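Visitor: Okay, here's the structure, questions in a sec.
The values are calculated or read from the model by the stated rules, or taken from the named source; none is laboratory data. Nothing here was measured: the structure is a model prediction, and the numbers come from that model. For neighbour counting, all protein chains shown are included, and Cβ atoms are generated from backbone atoms with ideal geometry for every residue, glycine included.
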């Protein structure tokens, strides 16, 4: 029977976390701090122009990911799990912060690379967790879960490569 920490829960709760889930969360928390630093660094910097070329592509990719995470907030609200809802809200804010930093044209390449590398590493830990356990999200087929996370890994990879 598939493992679903959240199935049938009607009250707010804290679900147990496996080591790979803790690794994913830890890596992404560091990335969220980097995104905040990049955002605040560019927020008060002067200049910024309309972005074009590879920076425009990066900006669009991060915006799509931020929209996807905003939708994920709705799912976490239904799960009523305290850690995941808190985490996904900050994760989405980090994506929006990185989006605005990139859109300003002033984002640090080092910050963007570090952010994407850590987010990719976190999502790879999530893929390994999904692939090696019976965990499910709303009984979704494992290939669908893996493909969804893999899409984010590819998106971070494209943004990272374009930042170099």
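Visitor: On the basis of being assigned to a helix (DSSP H, G or I) and either in contact (Cβ under 8 Å) with a residue 40 or more places away in the chain or over 18 Å from the mean Cα position of the chain (by Cα) (or both), does residue 64 make the cut?
Guide: The answer is yes for residue 64.
Visitor: Sticking with this structure for a sec: For the list (1) closer than 23 Å to residue 149 by Cα; (2) surrounded by 15 or more Cβ atoms within 10 Å (Cβ to Cβ); (3) touching a helix residue (DSSP H, G or I) at 6+ places or on another chain (Cβ under 9 Å), I need the number of the one condition that residue 26 fails.
Guide: (2) is the only condition that residue 26 fails.
Visitor: Still on this structure, please answer the following. Can you confirm whether residue 159 is surrounded by fewer than 18 Cβ atoms within 10 Å (Cβ to Cβ), modelled with pLDDT of 95 or more and in contact with a helix residue (DSSP H, G or I) (Cβ under 9 Å, 6 or more places away or on another chain)?
Guide: Taking the combined requirement at face value, the residue does not satisfy it.
Visitor: Here's a check for you: in region 125-140, which residue that is surrounded by 12 or more Cβ atoms within 10 Å (Cβ to Cβ) and modelled with pLDDT under 85 is nearest to the chain's Cα centre (by Cα)?
Guide: The selected residue is 137.
One line per residue, one yes/no per condition, for (1) more than 13 Å from the chain's Cα centre (by Cα); (2) closer than 23 Å to residue 137 by Cβ; (3) in contact (Cβ under 8 Å) with a residue 60 or more places away in the chain; (4) surrounded by fewer than 17 Cβ atoms within 10 Å (Cβ to Cβ):
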{"position": "39", "(1), (2), (3), (4)": "yes, no, yes, no"}
{"position": "42", "(1), (2), (3), (4)": "yes, no, yes, no"}
{"position": "57", "(1), (2), (3), (4)": "yes, no, yes, yes"}
{"position": "91", "(1), (2), (3), (4)": "no, yes, yes, no"}
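Visitor: Could you list all residues from region 7-37 that are in a helix (DSSP H, G or I) and more than 18 Å from the chain's Cα centre (by Cα)?
Guide: Correct list: 19 only.
Visitor: Output the residues belonging to region 80-89 that are surrounded by fewer than 17 Cβ atoms within 10 Å (Cβ to Cβ) and either closer than 15 Å to residue 157 by Cβ or in contact with a strand residue (DSSP E or B) (Cβ under 8 Å, 6 or more places away or on another chain) (or both).
Guide: Passing the criteria: 80, 82.
Visitor: Could you say whether any residue in region 135-153 is touching a strand residue (DSSP E or B) at 6+ places or on another chain (Cβ under 9 Å) and not in a helix (DSSP H, G or I)?
Guide: Yes, the conditions are met somewhere in region 135-153.
Visitor: Sticking with this structure for a sec: Looking at 77, 55, which is the one that is part of a helix (DSSP H, G or I), over 22 Å from residue 153 (Cα atoms) and at pLDDT below 95?
Guide: Step by step, each of 77, 55 is checked, and only 77 is part of a helix (DSSP H, G or I), over 22 Å from residue 153 (Cα atoms) and at pLDDT below 95.
Visitor: Looking at 102, 146, 164, which is the one that is touching a residue at least 12 places away in the same chain (Cβ under 8 Å), touching a helix residue (DSSP H, G or I) at 6+ places or on another chain (Cβ under 6 Å), more than 17 Å from residue 33 (Cβ to Cβ) and surrounded by fewer than 18 Cβ atoms within 10 Å (Cβ to Cβ)?
Guide: 146
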